[in-house]
Amino acid sequence: MSTFLQILRPDFLLHHALYGSVMVGFVCPLVGIYFLLRRLVFWGIALPQVSTAGIAFAFMLQGLGFHVLSGSGNQEKHLAIISSFLFTGLAILILAILERRGKGISEGRIGVLYALSWAGSILFVAWNAAGETEMLGLLKGEIVSISERDFHAMLDVFGIITACMFFFRKEFLLVSYDRDMAITLGRNVLGWDILLYFIVGLTISLGVMTVGPLVIFGFLVIPPMAALPWARGIISFSLLASFCGGLSAFTGFYVSYTRDLPLGPVIVCVACGVLCISMLTHSIGCRVKKQALLVLDHVAPHQ
Amino acid sequence: MSEPLLRLKHASLGYGEQPILTGVDVEVQPGSFIGILGHNGSGKTTLLKTILNLIPCLKGQCVWQGATPDSLRFGYVPQKEKLDPIYPLSAFDVAAMGTYHRFALRIKNKAFIHRCLADCGAAHLTDKRYSDLSGGQKQRVLIARALAAEPQILTLDEPLAGIDITTQKAVLKLLKHLKEERGLTILMVSHRIQAEKGLFTHIVWCDEGKVISGPTPEMLANSKLAEVFKTEL
């Protein structure tokens with residue numbers, strides 16, 4: 001109990017790391033619900049990996065002496081975020097164009113992209129041994145080094161993303177659910193798709209830089225899956241998924257801190273636990289409801 | 001005769017560079033109930049999508065009253081199988097999508113959506129999950145969604161596919177009622193005609209890349225088509 005209270009205190013040494021992971025836990029599922037609804041779950045695997053390759057590429061440039069943003073370690077980090085965003089954005093653009101054309105096998109394209117990103121990440125690190133430690137930390141999902149300034153910048157960006165996801169939920173829902181209807185209503189489907197993909201790219205690149213690709217993939221897919229059976233509309237779906245993500249991040253952080261385990265894998269395991277509980281309770285709830293209806297029907301068959 | 005709501009002039013329709021229908025001349029008069037008929041793969045849905053401006057004409061012209069497609073308000077009822085059941089939406093949520101083009105007050109919108117559902121005999125379905133509804137119930141909700149767009153032209157893509165005869169009759173009765181009460185212009189894609197022929201004021205027949213259209217009595221009297229309508233559709 002004392003450890004629990006300790007990590008909640010504002011002077012807790014790793015408070016930015018805690019708030020950062022919980023924030024990512026809250027925001028990523030808001031974007032992830034559209035991966036699930038549009039049946040693009042595999043994008044959720046490939047894009048964080050592409051983002052990682054972007055970060056590795058930035059570290060490689062630094063290692064090779066190309067100081068695009070010369071100066072402190074903070075600026076190295078900013079370059080990594082920009083590179084990660086550009087890689088992710090380009091990958092989304094290519095996938096979206098190919099998806100719209102409707103030719104070829106969608107899963108095959110994503111598989112190729114995933115393999116290429118993995119290979120790219122390893123090669124970029126191999127060309128820059130100095131970046132290896134940082135990349136290993138990133139892959140494990142270590143975020144202890146997040147600074148005050150970075151944290152506030154992240155808070156602003158994720159705040160804007162959350163606001164966009166709620167303010168434009170009707171538009172995102174309509175263009176995802178029924179594109180033809182959206183066009184007949186005079187909606188700019190391409191414009192809304194671009195905005196959604198831009199938000200996806202931004203969330204993934206910032207998230208990967210904060211908690212690593214494994215956790216981002218986990219947050220994009222697992223909380224929305226846990227929330228789906230209980231959702232009664234797009235707002236409740238968003239809120240429930242976001243809550244599951246935030247809860248998993250907080251609990252994962254607590255377990256990781258108290259048991260001295262790597263943060264990323266612990267968060268993903270906790271999120272999977274939440275998913276299992278959700279599925280199980282929903283299944284039991286459905287059976288109980290069915291039984292109750294049968295009993296009612298037996299007691300008063302004519303009503 | 002009044003000015004048509006839209007007119008296709010010598011149009012070639014299709015996807016990419018591949019025309020599916022050529023030399024299409026079709027007029028949609030206000031207040032008409034048009035049946036777009038033909039066998040599977042004959043281009044019925046392609047014709048409907050061109051009218052809705054979802055795909056462009058490859059050749060020729062599509063002229064909308066008021067010059068642009070945005071000047072006409074369409075209500076669109078897609079084939080119900082096209083909508084993914086994974087979405088956790090209630091019947092109300094689905095019907096509400098029809099109002100997503102306007103920024104009306106929330107309360108006014110809510111009452112209006114309830115009225116659209118009630119007009120389609122779906123008031124009791126409001127809170128039910130859309131994916132749990134039967135085929136006929138889904139169709140009613142989709143028609144309510146199209147009405148929520150306050151359309152001048154209601155377009156339906158195979159609304160009777162996959163539902164039983166009784167429900168088909170109920171849906172047709174609803175469409176007839178909407179046409180008479182609201183004076184809607186209706187375009188309906190179908191690959192059958194027996195139950196609907198009394199409703200259609202005009203028939204557009206798609207076959208082998210060509211389109212023949214005209215008032216229903218004239219089309220039924222066409223010796224070539226009469227045989228097709230009697231036996232195959």
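The values are calculated or read from the model by the stated rules, or taken from the named source; none is laboratory data. Values in this document were obtained by computation on a predicted structure and should not be read as measured data. All Cβ positions, glycine included, derive from the backbone under ideal geometry; neighbour counts span all protein chains shown. Each accessible area value is taken on the protein alone, full model and side chains, heavy atoms only, with ligands, DNA and RNA left out. Shrake-Rupley method; radii C 1.70, N 1.55, O 1.52, S 1.80 Å.
Of note:
- Highest to lowest packing among A:202-208, A:122-128, scored as the average C-beta count within 10 Å: A:202-208, A:122-128
- Dipole check for chain A: with +1 at the C-beta of Lys and Arg, -1 at the C-beta of Asp and Glu, and the Cα centre as origin, the magnitude is about 900 Debye.
- Crossing angle, helix A:73-101 versus chain A [Cα axis fit, 0-90 degrees, rounded to tens]: 50
- Charging the Cβ of each Asp and Glu at -1 and of each Lys and Arg at +1, and nothing else, the dipole of chain B about its Cα centre rounds to 600 debye.
- The residue among A:3, A:44, A:255 whose Cα reaches farthest toward the positive pole of the charge dipole of region A:2-302, with charges on the beta-carbon of Lys, Arg, Asp and Glu, is A:44.
- Ranking B:22, A:221, B:137 by how far each Cα lies toward the positive end of the dipole of the protein assembly as shown (charges on Cβ) leaves B:137 at the top.
- Bridges between two residues of the protein assembly as shown, per DSSP, are antiparallel at a rate of about 50%.
- Per residue, the average separation of C-alpha pairs within less than 8 Å and at least 6 apart gives chain B a relative contact order of 28 percent.
- Between residue A:155 and residue A:126, the contour length at 0.36 nm per residue exceeds the Cα-Cα span by 7.1 nm.
- Region A:250-303: C-alpha pair distances exceeding 16 Å, %: 60
- Under-5 Å amide H pairs with residue B:213, H placed in peptide plane, nonlocal only: B:205
- For B:87-96, mean number of other protein chain Cβ atoms within 10 Å: 5
- Comparing A:97, A:235, A:110 in a Gaussian network model of chain A (Cα springs below 10 Å), the most mobile by mean-square fluctuation is A:97.
- Charge dipole (region B:76-192, unit charges on Cβ, about Cα centre) - positive-most of B:183, B:125, B:85: B:183
- With protein chains left intact and a 1.4 Å probe, residues in the protein assembly as shown average 47 Å² of accessible area per residue.
- Taking region B:57-180 and dividing mean pair separation by its residue count, relative contact order in percent (alpha carbons under 8 Å, at least six apart): 38
- Per-residue SASA entry for residue A:214, accessible area with 1.4 Å probe, Å² rounded to 10: 80
- Convex hull volume per residue, computed on the Cα atoms of the protein assembly as shown, equals 192 Å³.
- When only Cα pairs below 8 angstrom with a gap of at least 6 residues are kept, region A:2-302 shows a relative contact order of 30 percent.
- Alpha carbon centroid spacing (whole Å) that separates region A:28-48 from region B:50-100: 26
- Residues considered: A:272, A:286, A:244. Largest GNM mean-square fluctuation over chain A, using C-alpha springs under 10 Å, is found at A:286.
- For the pair residue A:105 and residue A:236, a Förster radius of 25 Å applied to the C-beta separation gives a FRET efficiency near 0.15, rounded to the nearest 0.05.
- For chain A, the longest principal axis of the Cα atoms and the long axis of helix A:213-227 meet at an angle of about 10 degrees.
- Cβ crowding within 10 Å averaged over residues, with A:251-257, A:112-118 ranked highest first: A:251-257, A:112-118
- Working note: Karplus 6.51/-1.76/1.60 with θ = phi - 60° gives region A:199-210 the couplings 5, 4, x, 5, 4, 5, 5, 5, x, 4, 5, 8 Hz, where Gly and Pro are set to x.
- With every protein chain in place and a 1.4 angstrom probe, the accessible-area ranking of B:9, A:77, A:103, B:169, largest first, reads A:103, B:169, B:9, A:77.
- For residue A:11, the solvent-accessible surface with a 1.4 Å probe is about 110 Å², rounded to the nearest 10.
- Packing, as the average of other Cβ atoms within 10 Å across residues, places the peptides A:153-159, B:94-100 in the order B:94-100, A:153-159, highest first.
- Computed from point charges on the beta carbon alone (+1 for Lys and Arg, -1 for Asp and Glu), the dipole magnitude for the protein assembly as shown about its Cα centre is near 1160 Debye.
- Kirkwood radius and radius of gyration were both taken over the C-alpha atoms of chain A, and their ratio Rg/Rh is 1.03.
- Straightening the chain between residue A:295 and residue A:281 buys 3.0 nm, computed as 0.36 nm per residue apart minus the Cα-Cα spacing.
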